[in-house]
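Visitor: First, the structure itself, so that you have it in front of you.
The values are calculated or read from the model by the stated rules, or taken from the named source; none is laboratory data. Keep in mind the model is a prediction, meaning the values are calculated, not measured. Note that each Cβ is placed from the backbone with ideal geometry, even for glycine, and that neighbours are counted across all protein chains shown.
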């Protein structure tokens, strides 16, 4: 397996998808079946990157249970390096209850499987993580993570240790905000309270690339203008603001703009943002100077269109991982079968 070019840190879990309009927490019936799909934003992104052809490693903690075994098999099948995965003998892997609306949109509810000690992803051991990540990060130009580890003390400590390691080794950090209130013990519709907002903003100040949904941008920054968000942060990072089927707003490589979405009929939007992030990192690994201010606008726009195609194609199937496209499939939709301009 070639050295990973992206490290993805965070949760790997099961999304229990309810029937469209139904409750995933209710016992299944013949006409109201639920679907269990492997997911978790960092795991989704890792599998999407591997599908696109970018060498990638997943870092996190799973239970020694059926879900953990399923992820081990998936990572092997996709070619994801899992040498830094920790295996918890006591805590289970997490199952998230996902309510699907008739239009394919989804809402995250509570959890299933807790035996009273929490979930494995909450108990990442920082020292072991850094020891396993150090050789991997030496060959990797990117560290990708979300904000959910900040919700639990042990995983927050591990995240801090990993980001500090990336900074020492000169690896850029990409953050997908991925605000999920239930992971913080809040109502599914809650915006970040002061404590959570402070932790998230402290992480975003260290990022070179930030991807967030429009509602997340509004809650954290008081608006959705990516130029204003970038200007408010010390690194002035690339900022991508997604908004479902609405156009993508972005600032990157010294340029900013708006990119229309692809007209599709969504089956399930779970994992679309993770596939978008993976598509963009796939391009950034190949074109590392794309974040610089001398980058041609044409190249940036082509990369964003490719990333958007990755996200759109995931919406055509159920779950976050199974519908992930190959590079050729995404380029066909993006209308960019030829190589991107040299940057």
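Visitor: Check off (1) over 18 Å from residue 42 (Cα atoms); (2) in a helix (DSSP H, G or I); (3) at pLDDT 95 or above; (4) out of contact with any strand residue (DSSP E or B) (no Cβ under 9 Å at 6 or more places or on another chain) for residue 299 and give me the number that stays unchecked.
Guide: Unmet for residue 299, out of (1) over 18 Å from residue 42 (Cα atoms); (2) in a helix (DSSP H, G or I); (3) at pLDDT 95 or above; (4) out of contact with any strand residue (DSSP E or B) (no Cβ under 9 Å at 6 or more places or on another chain): (3).
Visitor: On to the next question. With (1) surrounded by fewer than 22 Cβ atoms within 10 Å (Cβ to Cβ); (2) touching a strand residue (DSSP E or B) at 6+ places or on another chain (Cβ under 7 Å); (3) at pLDDT 95 or above; (4) farther than 26 Å from residue 58 by Cβ as the list, and residue 208 as the residue in question, which single condition is left unmet?
Guide: (4)
Visitor: Select from region 136-159 the residues that are at pLDDT 95 or above and surrounded by fewer than 16 Cβ atoms within 10 Å (Cβ to Cβ) and list them in ascending order.
Guide: Passing the criteria: only 153.
Visitor: Right, something else. Only one of these conditions is not met by residue 332: (1) closer than 23 Å to residue 5 by Cα; (2) assigned to a helix (DSSP H, G or I). Which number is it?
Guide: Among (1) closer than 23 Å to residue 5 by Cα; (2) assigned to a helix (DSSP H, G or I), the lone unmet condition for residue 332 is (1).
Visitor: Also, I was wondering about something else. Looking only at region 311-343, filter to residues that are touching a strand residue (DSSP E or B) at 6+ places or on another chain (Cβ under 9 Å) and at pLDDT 90 or above; which one of those is surrounded by the fewest Cβ atoms within 10 Å (Cβ to Cβ)?
Guide: Per the criteria, the residue is 322.
Visitor: Pull up region 177-191, narrow it to residues that are touching a residue at least 60 places away in the same chain (Cβ under 8 Å) and part of a loop (DSSP other than H, G, I, E, B), then point me to the one that is nearest to residue 242 (Cα to Cα).
Guide: 178
Visitor: Just checking, how many residues over region 192-218 are farther than 30 Å from residue 284 by Cβ and in a loop (DSSP other than H, G, I, E, B)?
Guide: The total comes to 1.
Visitor: Sticking with this structure for a sec: Just checking, does region 115-131 include any residue being outside any loop (DSSP other than H, G, I, E, B), within 29 Å of residue 248 (Cα to Cα) and out of contact with any strand residue (DSSP E or B) (no Cβ under 7 Å at 6 or more places or on another chain)?
Guide: No: region 115-131 contains no residue that is outside any loop (DSSP other than H, G, I, E, B), within 29 Å of residue 248 (Cα to Cα) and out of contact with any strand residue (DSSP E or B) (no Cβ under 7 Å at 6 or more places or on another chain).
Visitor: Any idea which residue in region 194-214 is farthest from the chain's Cα centre (by Cα), counting only those that are under 21 Å from residue 145 (Cβ atoms) and free of Cβ contacts under 8 Å to residues at least 12 places away in the same chain?
Guide: 195
Visitor: Could you please let me know if residue 177 is modelled with pLDDT of 95 or more and within 29 Å of residue 268 (Cβ to Cβ)?
Guide: Yes; evaluated as a whole, the condition is true for this residue.
Visitor: For region 1-74, list the strands (runs of 3 or more DSSP E) that sit wholly inside it and hold at least 2 residues that are crowded, with 21+ Cβ neighbours inside 10 Å, modelled with pLDDT under 90 and under 22 Å from the mean Cα position of the chain (by Cα); which are they?
Guide: 13-17
Listed here are the residues, each with its yes/no results for (1) in contact with a helix residue (DSSP H, G or I) (Cβ under 8 Å, 6 or more places away or on another chain); (2) modelled with pLDDT under 95; (3) in a loop (DSSP other than H, G, I, E, B).
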| site | (1), (2), (3) |
| --- | --- |
| 265 | no, yes, yes |
| 290 | yes, yes, no |
| 294 | no, yes, yes |
| 307 | yes, no, no |
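Visitor: Of the residues that make up region 265-275, is at least one out of contact with any strand residue (DSSP E or B) (no Cβ under 6 Å at 6 or more places or on another chain), buried (at least 16 other Cβ atoms within 10 Å of the Cβ), over 24 Å from residue 98 (Cα atoms) and free of Cβ contacts under 8 Å to residues at least 60 places away in the same chain?
Guide: No.
Visitor: Answer yes or no as to whether residue 188 is surrounded by 18 or more Cβ atoms within 10 Å (Cβ to Cβ) and either in contact with a helix residue (DSSP H, G or I) (Cβ under 6 Å, 6 or more places away or on another chain) or farther than 20 Å from residue 42 by Cβ (or both).
Guide: Criteria not met by residue 188.
Visitor: For region 75-100, what are the residues that are in contact (Cβ under 8 Å) with a residue 40 or more places away in the chain and outside any loop (DSSP other than H, G, I, E, B)?
Guide: 81, 86, 95, 96, 97, 98, 99, 100 - these are the residues of region 75-100 that are in contact (Cβ under 8 Å) with a residue 40 or more places away in the chain and outside any loop (DSSP other than H, G, I, E, B).
Visitor: Here are some residues: 245, 312. Which one is farther than 24 Å from residue 7 by Cβ, in contact (Cβ under 8 Å) with a residue 12 or more places away in the chain and in contact with a helix residue (DSSP H, G or I) (Cβ under 8 Å, 6 or more places away or on another chain)?
Guide: 312
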